[in-house]
Amino acid sequence: MKRRKLSIAAIAAAGVLALAACSSGGTGSAGGGTEPEPAPSFATGTTMAKLAAAGTITIGTKFDQPLFGLLGPDGVPEGFDVEIGKIIAAKLGIAADKIEWKESVSANREPFIENGEVDIVVATYTINDKRKAVISFAGPYYMAGQSILVLADNNDITSESDLVGKPVCSVTGSTPAAKLAEIGAQPVLTDTYTNCLEPLRTGQVVAVSTDNVILAGLAAQNEGEFKVVGKPFTREPYGIGLKKDDTEFRSFIDDVLEESYADGSYKKAWESTAGTVLPFAEPPAVDRY
């Protein structure tokens, strides 16, 4: 069957978040290890020194991902990715309320990093070779896997093989969207995963497919409407995006991640966010490539 990409721009437009611009960070923190370091010192000229001197950092994250990056009622994002961002900022001496959060959807993450619109991106961001050609990654800090979300009463779709030739919603520029085309599904693309839910409700698509942790959050947020089915059929290592070849900054973030594993702040961040729905898993080893 011929593969085709369908547009649901009209549907997406109704659900697009109005707050796509920057929003200042809040003072509170759900996780541990986010108190700023007292007057940290860094080598002159490094990204760490510049950010510490500025006393602020711009972090790209998602605003529509329950458990990982979801815009709260106060206009500040919350979730596991947000807490990881706070942990990194704290090691630069930057308090949570000095973080500038910028919504980063799948399609604009690399451009935002390349253009300097953000300093880092922590946004359910799968590390792959194509992306590493234009940016660098610290981590990974979490291992996810692509799965399938269907209506709660759908018993016909149980694995990725049941998606072949059928319309399935995902997000433009994402690795799950590419995987859907690869297996022979009909990708129906929009800009955020929340914009996939109405087409699923109305039968315009048979499923939504992306990382299992994202789908679990959507299901939890809409209790009783949807369910996650099948086993994950990919491995998605989540990393932290930054400027290409900024080796010192990447090594610094890798150090921070490893410290958070050891001192318990990573686990505390998980348990207070995604851990309310998903079991804790030991983080993967960072890749110091």
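Every number here is computed from the coordinates shown, using simple stated rules; none is lab data. Keep in mind that this is a model prediction, so the values were computed, not measured. For neighbour counting, all protein chains shown are included, and Cβ atoms are generated from backbone atoms with ideal geometry for every residue, glycine included.
Straight-line reach from Lys227: which lysines have a Cα under 23 Å away, not including same-chain ones fewer than 8 places off?
Lys62, Lys166, Lys179
Run the paramagnetic zone check for Thr46: 7 angstrom along Cα to Cβ, then residues of the stretch 74-93 with backbone nitrogen under 20 Å.
What the label zone holds, given the 20 Å backbone N cut-off, is 85-93.
Determine the relative contact order of the chain: mean sequence separation of Cα pairs under 8 Å and six or more apart, normalised by residue count, in whole percent.
After rounding, I find 27 percent.
If you line up the Cα atoms of the chain on their principal axes, what length do they span on each, largest first, in Å?
58, 36, 35
Along the principal axes of its C-alpha atoms, what lengths does the stretch 132-289 span, in descending order and rounded to whole Å?
Principal extents (largest minus smallest coordinate, Cα): 48, 34, 23 Å.
When DSSP beta bridges are limited to those with both residues in the stretch 146-229, what percentage is antiparallel, rounded to the nearest 5?
55 percent
Between Asn115 and Tyr261, how high is the FRET efficiency from 1/(1 + (r/R0)^6) when r is the Cβ-Cβ distance and R₀ = 25 Å? Nearest 0.05.
My answer for the efficiency is 0.20.
Cβ under 13 Å from Ser136's Cβ, Ser136 left aside: what net charge do those residues give with Lys, Arg +1 and Asp, Glu -1?
Taking every other residue near Ser136 into account, the sum is -2.
Using alpha-carbon pairs under 8 Å, 6+ residues apart, how would you state the relative contact order of the stretch 86-189 in percent?
Rounded, it is 19 percent for the stretch 86-189.
Test of understanding: extend the Cα→C-beta vector of Ala281 to 7 Å, then name every residue of the stretch 147-161 with backbone N under 12 Å from that spot.
So the set is 147.
Just flag the chymotrypsin sites (Phe, Trp or Tyr not before Pro) in the stretch 183-275 sitting in loop per DSSP whose Cβ has no more than 10 other Cβ atoms within 10 Å.
none
Identify which of Pro77, Pro279, Pro66 has the largest mean-square fluctuation in a Gaussian network model of the chain, with springs joining Cα atoms closer than 10 Å.
Its mean-square fluctuation being the largest, the pick is Pro279.
Between Val213, Val164, Val76, which gets the highest mean-square fluctuation from a Gaussian network model of the chain, Cα cutoff 10 Å?
Val164
Averaged across orientations, what area in nm² does the convex hull of the alpha carbons in the stretch 146-229 project?
Averaged projected hull area, Cα only: 4.5 nm².
How large is the helix-only mean residue ellipticity at 222 nm for the chain, computed as the sum of -39500 (n - 2.57) over DSSP H runs with n ≥ 4, divided by its residue count, in deg cm²/dmol to the nearest 500?
-8000 deg cm²/dmol
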